[in-house]
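The block underneath contains the structure these notes are about, expressed in structure tokens.
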Amino acid sequence: MADADLRQRSPWRVLLPVLIFAGLVAVATLLRLSTGDPASGAVVLRGGIGLLALWALVDGARRGFGVATFLGTGRGLDRIFGFVQVALSVGVAIALLPNTFAFIELVARFVTGTL
């Protein structure tokens, strides 16, 4: 039964963070080119990467403690990889936290129309 669960997991799920990163780069570049303001593109890029790092932190911690997550099964060696993922993403998440908050604020202003 456990093997059936693993077979149902799509191997393409690991590409989602890469696609999100590519989308962030595209949006940041378009924003910079359209507004001429490099700061707004930097907020989008750094803040988006900060959100990805927070996601990696939570995902890795859950995997490390044996929970099946988006990027892994939480079994066997995958638990070790979860803790490695936490170790690698914690510094990035902390370093980019102010940019992440600025990005969330920018998105909220865009959604509410107060940009």
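Here is a yes/no grid of residues against (1) in contact (Cβ under 8 Å) with a residue 12 or more places away in the chain; (2) assigned to a loop (DSSP other than H, G, I, E, B); (3) more than 11 Å from the chain's Cα centre (by Cα):
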residue	(1), (2), (3)
43	yes, no, yes
54	yes, no, no
68	yes, yes, yes
71	yes, yes, yes
74	yes, yes, yes
84	yes, no, yes
91	no, no, yes
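Whether any residue in the stretch 65-80 is closer than 18 Å to residue 28 by Cα and not aromatic (Phe, Trp, Tyr) is what I want to check.
No: the stretch 65-80 contains no residue that is closer than 18 Å to residue 28 by Cα and not aromatic (Phe, Trp, Tyr).
Could you tell me which residue of the stretch 42-61 is nearest to residue 95 (Cα to Cα), considering only residues that are of a type in the set (Gly, Ala, Ser) and touching a Leu at 6+ places or on another chain (Cβ under 9 Å)?
Among residues in the stretch 42-61 that are of a type in the set (Gly, Ala, Ser) and touching a Leu at 6+ places or on another chain (Cβ under 9 Å), the one nearest to residue 95 (Cα to Cα) is 50.
Kindly provide the set of residues from the stretch 102-115 that are assigned to a helix (DSSP H, G or I) and surrounded by fewer than 13 Cβ atoms within 10 Å (Cβ to Cβ), ordered by number.
105, 108, 109, 110, 111, 112
Which of the following residues is of a type in the set (Lys, Arg), modelled with pLDDT under 90, surrounded by fewer than 20 Cβ atoms within 10 Å (Cβ to Cβ) and more than 20 Å from residue 18 (Cα to Cα): 79, 75?
75 is the lone residue from the list that is of a type in the set (Lys, Arg), modelled with pLDDT under 90, surrounded by fewer than 20 Cβ atoms within 10 Å (Cβ to Cβ) and more than 20 Å from residue 18 (Cα to Cα).
Can you tell me which residues in the stretch 42-52 are small (Gly, Ala, Ser) and surrounded by fewer than 21 Cβ atoms within 10 Å (Cβ to Cβ)?
At the first step, the residues of the stretch 42-52 found to be small (Gly, Ala, Ser) are 42, 47-48, 50.
Answer for the stretch 42-52, where residues must be small (Gly, Ala, Ser) and surrounded by fewer than 21 Cβ atoms within 10 Å (Cβ to Cβ): just 42.
When the stretch 56-66 is examined, which residues are found to be closer than 30 Å to residue 39 by Cα and over 14 Å from the mean Cα position of the chain (by Cα)?
Matches in the stretch 56-66: none.
Among the residues of the stretch 7-41, count how many are in a helix (DSSP H, G or I) and more than 12 Å from the chain's Cα centre (by Cα). It would help to see each step written out before you state the result.
Of the residues in the stretch 7-41, the ones in a helix (DSSP H, G or I) are 7-8, 11-35, 38-41.
Those still in the list that are more than 12 Å from the chain's Cα centre (by Cα) too: 7-8, 11-13, 25-35, 38-41.
Counting residues in the stretch 7-41 that are in a helix (DSSP H, G or I) and more than 12 Å from the chain's Cα centre (by Cα) gives 20.
The values are calculated or read from the model by the stated rules, or taken from the named source; none is laboratory data. Owing to the predicted nature of the structure, the values given are computational and were not obtained by experimental measurement. Neighbour counts run over all protein chains shown; Cβ positions are idealised from the backbone, glycine included.
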